[in-house]
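Student: Structure below; questions to follow.
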Amino acid sequence: MTSSVEDLLPETQRALLHRIARAQSEGRAPSLVAAVAREGRVVWAGARGETDGQAPDAGTQYRIGSITKPFTAVLVLRLRDEGLLDLNDPLEKHLPGTGVGDVTIAQLLGHHAGLGAESPAPWWERTPGSMRPGLADVLGERPVLHPAGRTHHYSNPGYTLLGSLVEAVRGASWAEVLRREILEPLNMDRTSVQPAAPHVSGWAVHPWADVMLPEPAVDLGLMAPAGQLWSTATDLCRFAGFLAQGDERVLSAQSVEEMRRPSGPPQVEDWDGGYGLGVQLARRRDRTLVGHGGSLPGFVAGLWVSVAEGVAAVALANATSGPATSTVAADLVGIVADAEPRIPEPWRPLPACDQPLLELTGPWYWGTYSYGLKLTADRGVELQPLRGTGRGSRFAAQTDGSWTGLDGYYAGESLRVVRREDGSVDHLDLGSFVFTREPYDPGADVPGGVDGGGWRGLPG
């Protein structure tokens, strides 16, 4: 029987509606819309409130602020995958004259370049981009505040530089490259640089009275790659699916997975969060989430996806300091994943039995630590501790008969079989660690040798 994506149960839908209703009411937002996708398909959408005389839905545009940043990061990764740049290149190699020194493209993507958080006054989010016509106006007289690569310091001007990098390498505007290389292939026809009806207006809600003030919606100019976009809950669910699976028309699954890896250590006070290459990372109740939050005057937005559980959620509101939409989106993911957990794929045998590999399976010992080795698809193997603590990893097969670690402590490390002169297996070598069939096998080449007296009890 094949599995399929089904509609959510009524009690799950009510829990989702209750969560966004509470968020809109307690957050005092004129309106809030949200949507949940499972296995890449929208399975629920809801809205509360109204604005500009209309009741919004999942197809209504809101401004998404810094959720724009993952889009810019995808454009940069595409340039890397085409061989037009290396992430370790200094920005100045491709965009000379910025004055930011030797900061690399990777450091900019992960906010480890040490650049300032904001551009010089006046505040760029409420003033037109025409006030900052050049990069010097965005960066100011002191663009670098911290040593590059040493600390995570969120930087909006850093993403202005990345947008300008895209323009310099492509020879076209950031907006045009975005439309051609991401929005059109992913069928995100309700995501745009400028608002397209139906869309809502942004509002500031008085902190001590239930009255509102309209917020300006300015064109950010050079700062656009950091926060310009307008989008809908439906379109962002589609983008969340891309962040989970990749799409060969835009970016491979391997490169998207690279975006989701931590680009550096988090701040000491924020061990439950981190940043990849253009995406935020978070831990919520033992759940790993990938996505981004966003805000601009009049708008707040949140997008999260649990790749392991196949669930994504988006929440959008049109209030400057309204609901905590990032928290709302994370809660929506949790409601669905907890109430209706992902059904595992059916077990299937491997297409063929590789007898030499099969003989390597079973228990192995690193000293007195016990491990089990099993086969995976495509001649890969997995080595995991059988009891107690230990470091496990998955390994991908290489053409020379070795394997390369895919995750954990052994990521990138080489696992190989060491044989005796007669062809029998002596041990497994994993980055100089020797794994033998018996603990401290006296017949194997164990570093330091094995005491000739063998195993013994407590001396009398």
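Student: How much length is gained on full extension from T368 to L406, taking 0.36 nm per residue of separation minus their Cα-Cα distance? Working shown, then result.
Tutor: Working: separation 38, 0.36 × 38 = 13.68 nm, distance 2.44 nm.
Full-extension gain reported as 11.2 nm.
Student: Right, something else. Set the Förster distance to 41 Å, then compute FRET efficiency between E421 and L458 from the Cβ-Cβ distance, nearest 0.05.
Tutor: 0.60
Student: Per residue, what volume in Å³ does the convex hull of the Cα atoms of the range 355-435 enclose?
Tutor: Value for the range 355-435: 94 Å³ per residue.
Student: Output the relative contact order of the chain, whole-number percent, from Cα pairs under 8 angstrom with separation of 6+ residues.
Tutor: About 16 percent, as a whole number.
Student: Continuing with this model, one more query. Quick one: Kirkwood hydrodynamic radius for the range 317-460, alpha-carbon pairs, angstrom, one decimal?
Tutor: Hydrodynamic radius (Kirkwood, Cα pairs) of the range 317-460 is 18.8 Å.
Student: Can I ask one more? By the scheme Lys and Arg +1, Asp and Glu -1, what is the net charge of all other residues having a beta-carbon under 14 Å from that of L91?
Tutor: Once all neighbours under 14 Å are counted, the net charge is -3.
Student: Round to a whole angstrom and tell me the spacing of the C-alpha centers of the range 244-265 and the range 424-442.
Tutor: Their Cα centres are 35 Å away from one another.
Student: Averaged across orientations, what area in nm² does the convex hull of the alpha carbons in the range 1-117 project?
Tutor: About 12.7 nm², averaged over all directions.
Student: Please compute the contact order of the range 291-399 in relative form: average sequence separation of alpha-carbon pairs under 8 Å and at least six residues apart, divided by the residue count, as a percent.
Tutor: On the way: 168 pairs, mean separation 15.6, N = 109.
Dividing the mean separation by the residue count of the range 291-399 yields 14 percent.
Student: Rounded to the nearest 0.05, what FRET efficiency is calculated for R285 and T376 with R0 set to 22 Å and r the Cβ-Cβ distance?
Tutor: 0.15
Student: So what is the calculated 222 nm ellipticity per residue for the chain, using -39500 (n - 2.57) for each DSSP H run with n of 4 or more, over all residues, to the nearest 500 deg cm²/dmol?
Tutor: Details: 12 runs with 109 residues, N = 460.
For the chain, the value works out to -6500 deg cm²/dmol.
Student: Quick test of the membrane-span-like rule: which DSSP H helices of the chain reach at least 15 Å along their long axis (C-alpha atoms) with mean Kyte hydropathy at least -0.5?
Tutor: In the chain, the long hydrophobic H runs are 68-81, 156-170, 233-245, 325-339.
Student: Taking the beta-carbon count within 10 Å as an exposure proxy, list E141, E215, E258, E50 from fewest neighbours to most.
Tutor: Taking fewest neighbouring Cβ atoms as first place, the list is E141, E50, E258, E215.
Student: Based on the alpha-carbon gyration tensor of the chain, what equivalent-ellipsoid semi-axes (square roots of 5 times the eigenvalues) come out, in whole Å, largest first?
Tutor: Gyration-tensor ellipsoid for the chain: 47, 28, 20 Å.
Student: What order do you get for 114-122, 309-317, 420-428 when each peptide is scored by the mean count of other beta carbon atoms within 10 Å, highest first?
Tutor: Taking the mean over residues of other Cβ atoms within 10 Å, the ranking is 309-317, 114-122, 420-428.
Student: For D451 and R437 in the same chain, what is the full-extension length gain: residue separation times 0.36 nm, less their Cα-Cα distance, in nm? Numbers along the way, then the final one.
Tutor: Numbers: separation 14, 0.36 × 14 = 5.04 nm, distance 1.71 nm.
Full extension of this stretch gives 3.3 nm more.
Student: Which FRET efficiency value, to the nearest 0.05, is calculated for D52 and R14 with the Förster distance at 35 angstrom and r the Cβ-Cβ distance? Let's see the in-between values first.
Tutor: Numbers: r = 28 Å, r/R0 = 0.81.
So the FRET efficiency works out to roughly 0.80.
Student: Something else: I want to check the label-to-label distance for L360 and Q194. Put each point 7 Å from Cα in the C-beta direction and report it in nm to one decimal.
Tutor: About 6.0 nm separates the two model spin labels.
Only the coordinates and a few stated rules stand behind these numbers; no lab work does. Worth saying up front: this structure is predicted, and the values here are computed from it rather than measured. Positions of Cβ are generated from backbone atoms using ideal geometry, with glycine treated the same way; all protein chains shown enter the neighbour counts.
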